[in-house]
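A.B. asks: Before I ask anything, here is the structure I am working with.
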């Protein structure tokens, strides 16, 4: 009975979606704003990666809301998990294998470097603050897996996170007063396109986002690992 | 054949959405429901990206000379999917945390035994 109901429901959803999709042609330009961004993105923001110029240039205020969502999720996870914890009670966990421990020792600095590379070059190559932050969090996940019982320092991760968020907000306010008439307007020189020091405030904001996302995701991993050990 | 060529990305993306929806509705293990949620999320992200595709378009990055803006795909859906992925991660983490608390409270992840969540 239940499965029949599910299949009928799915069929209704599928037919509805199919009818709607017939009206959307594939492979043709649909928005004019996209054309505008690709044509004048370099002139407006100086970033050669147009997706970056949309994320931290045209729609940077939206991105501020986005990292707030991530922060609230990490905080909520901590609040939900903190309730049922008994202090001092810790199961003995099996130490990780030699391969994992040795591999972690080699890979940890390389992963940090790679994450930093991704978010520093966010305005030139594919990638950016969110992707680089995820790579950095994966480096810490590797540490958590290979050395059970080892913790990231709360003080350092919270300091990094607060610094990232503060840089973002303060740069936006400076842009509001110095640069122009809107929040997060670019007040630094754009420089030469496709060089590392170009695109105004975009690389600075992306480094801040990378640090914040990295410490947020590490906090999520920390909260979950703490529950299992 | 032409129909399939034109719509293969849409079909794939909404195939994933339907699979995710089916898992959410039919499974009784909470972890599997969360996996279904994640698959649904992936399908919607793929759909948004394929909406922004322009035939024979390149990535919207001026990484080398000779690239012109007319050849590039739409950057707006890609930027929005970046937002969508981050929110997906946040939802997933929160859902897993709630599942862990429920497991601690009831000793099981089976929705039939938890009772309060049965539909």
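Rule-based calculations on the coordinates, nothing more; no lab input. Small disclaimer: the values here were computed from a predicted structure and weren't measured. Cβ: placed from backbone, ideal geometry, glycine included. Neighbour counts: every protein chain shown.
A.B. asks: Shielding of B:14-27 by partners, i.e. mean partner chain Cβ atoms within 10 Å per residue?
C.D. replies: Other-chain Cβ atoms within 10 Å of each residue's Cβ, averaged: 3.
A.B. asks: In addition: Quick one: angle between helix B:75-106 and the longest Cα principal axis of chain B, in degrees between 0 and 90, rounded to 10, please.
C.D. replies: 10
A.B. asks: In cubic angstrom, how much convex hull volume per residue do the alpha carbon atoms of segment A:92-186 span?
C.D. replies: Roughly 106 Å³ of hull volume per residue.
A.B. asks: Helix B:2-26: angle to the longest alpha-carbon principal axis of chain B, degrees 0 to 90, nearest 10?
C.D. replies: 20
A.B. asks: What is the order of A:56, A:192, fewest Cβ neighbours within 10 Å to most?
C.D. replies: Result, fewest neighbours first: A:192, A:56.
A.B. asks: Please report the Cα spread of chain B along all three principal axes, rounded to whole Å, starting with the longest.
C.D. replies: Taking the Cα atoms of chain B, the three principal extents are 62, 34, 16 Å.
A.B. asks: Determine the relative contact order of segment A:2-228: mean sequence separation of Cα pairs under 8 Å and six or more apart, normalised by residue count, in whole percent.
C.D. replies: Across segment A:2-228, relative contact order equals 26 percent.
A.B. asks: Follow-up question, since we're still on this one. Within 10 Å of each Cβ in B:57-66, how many Cβ atoms from other chains are there, averaged over the peptide?
C.D. replies: 5
A.B. asks: With an 8 Å Cα cut-off and a minimum separation of 6 or more residues, compute the relative contact order for segment A:168-229 in percent.
C.D. replies: Relative contact order, segment A:168-229: 20 percent.
A.B. asks: Here is a follow-up. Counting helices only, and only those DSSP H runs with n ≥ 4, report the 222 nm mean residue ellipticity of chain B as the sum of -39,500 (n - 2.57) divided by its residues, in deg cm²/dmol to the nearest 500.
C.D. replies: The per-residue figure over chain B is -24000 deg cm²/dmol.
A.B. asks: Now for a different question. Which three numbers, in whole Å and largest first, are the semi-axes of the equivalent ellipsoid of chain A derived from its Cα gyration tensor as √(5λ)?
C.D. replies: One finds semi-axes of 35, 30, 18 Å for chain A.
A.B. asks: How many percent of the alpha carbon pairs in segment A:1-117 exceed a separation of 24 Å?
C.D. replies: Across segment A:1-117, Cα pairs with separations above 24 Å total 71 percent.
A.B. asks: Further, regarding this structure: In peptide A:31-37, how many Cβ atoms from other protein chains are near each Cβ within 10 Å, on average?
C.D. replies: Average neighbour count from other chains, rounded to a whole number: 5.
A.B. asks: Could you tell me what a quarter of the Cα convex hull surface of segment A:141-229 works out to, in nm² with one decimal place?
C.D. replies: Averaged projected hull area, Cα only: 7.3 nm².
A.B. asks: Using Cα atoms only, what is the angle between the long axis of helix B:30-51 and the major principal axis of chain B, expressed in degrees (0 to 90) to the nearest 10?
C.D. replies: Taking Cα atoms only, the helix is inclined about 10 degrees.
A.B. asks: Further question: Give the peptides B:25-31, A:12-18, A:124-130, A:47-53 in descending order of average Cβ contacts within 10 Å, highest first.
C.D. replies: A:47-53, A:124-130, B:25-31, A:12-18
A.B. asks: Still on this structure, I have one more. In the Gaussian network model of chain A, springs joining C-alpha atoms below 10 Å, which of A:182, A:58, A:117 carries the largest mean-square fluctuation?
C.D. replies: Among A:182, A:58, A:117, the largest GNM mean-square fluctuation belongs to A:182.
A.B. asks: Between A:116, A:11, A:96, where does the largest GNM mean-square fluctuation fall for chain A, given springs only between Cα atoms within less than 10 Å?
C.D. replies: A:11
A.B. asks: Calculated from DSSP H runs of 4 or more alone, at -39500 (n - 2.57) each and per residue, what is the 222 nm mean residue ellipticity of chain A, nearest 500?
C.D. replies: The helix contribution divided over chain A gives -22500 deg cm²/dmol.
A.B. asks: Compute the distance from the alpha-carbon center of segment A:181-223 to that of segment B:61-105, in whole Å.
C.D. replies: Measuring centre to centre over Cα atoms gives 17 Å.
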